[in-house]
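Chemist: Have a look at this one before I ask anything.
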Amino acid sequence: MKTRFLFPNSFKTLGWVLFVPSLLLIISSSIFNTSPDDFLTVDVFAIYQESIGEKPGFFDIITNSISDELLTIGMILGGIFIGFSKLKEEDEMISKIRYESLVWATYFNYALILFFTLFIYGMPYLNVLFYNMFTLLIFFIIRFHYTIYKLNKTNQDD
């Protein structure tokens, strides 16, 4: 079977190395109410920036903490590498499970967004939108690997 849109299997390991520490740091900063903006402050190029009390600007060099950007990039790239790397044995059944898991994760993710849109307001809703950058990948990874686990367990029982 041709799987031209999937990464090689070796990317899965890199994905876990990026994903797990980023996830743990994002969760811990949320739980302990710490800001990643206290670390790694450097000058960066900004296409657009606007800060409270400052004049907005286009195409500026600004001083900014890049730790939150690095954590976001780690989560997204790690999740993509985990979810979209080939398994050692990639066949039509795995492709079907991957497709169904992605569709299920999309429906589930947007159902949660609709629910939170109806019942959460103000700044907490912005947190919902922030975490939503990651939840689709997380739901997909969980569902896909759980379904593969069930398939392997069924095959071992036979």
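The values are calculated or read from the model by the stated rules, or taken from the named source; none is laboratory data. Since the structure is predicted, the reported quantities are computational estimates derived from the model, not experimental observations. Don't worry about glycine lacking a Cβ; one is built from the backbone with ideal geometry, like all the others, and counts go over all protein chains shown.
Chemist: Considering only the stretch 1-55, how many residues are farther than 19 Å from HIS145 by Cα and of a type outside the set (Val, Ile, Thr)?
Modeler: Adding up the residues that qualify gives 28.
Chemist: While we're on this one: When the residues of the stretch 1-20 are filtered to those that are touching a helix residue (DSSP H, G or I) at 6+ places or on another chain (Cβ under 7 Å) and part of a helix (DSSP H, G or I), which remaining residue is surrounded by the fewest Cβ atoms within 10 Å (Cβ to Cβ)?
Modeler: If we take residues in the stretch 1-20 being touching a helix residue (DSSP H, G or I) at 6+ places or on another chain (Cβ under 7 Å) and part of a helix (DSSP H, G or I), then TRP16 is surrounded by the fewest Cβ atoms within 10 Å (Cβ to Cβ).
Chemist: Working only within the stretch 21-37, note down all residues that are surrounded by fewer than 13 Cβ atoms within 10 Å (Cβ to Cβ) and either modelled with pLDDT of 85 or more or in a helix (DSSP H, G or I) (or both).
Modeler: Of everything in the stretch 21-37, those that are surrounded by fewer than 13 Cβ atoms within 10 Å (Cβ to Cβ) and either modelled with pLDDT of 85 or more or in a helix (DSSP H, G or I) (or both) turn out to be LEU24, ILE27, SER28, SER30, ILE31.
Chemist: Which one of these is under 15 Å from the mean Cα position of the chain (by Cα) and either assigned to a helix (DSSP H, G or I) or surrounded by 12 or more Cβ atoms within 10 Å (Cβ to Cβ) (or both): LEU129, LEU151?
Modeler: LEU129
Chemist: Looking at this structure, is PHE81 assigned by TED's automatic domain parsing to the domain that holds ILE26 and at pLDDT below 90?
Modeler: Considered against the rule, which asks whether it is assigned by TED's automatic domain parsing to the domain that holds ILE26 and at pLDDT below 90, PHE81 comes out as no.
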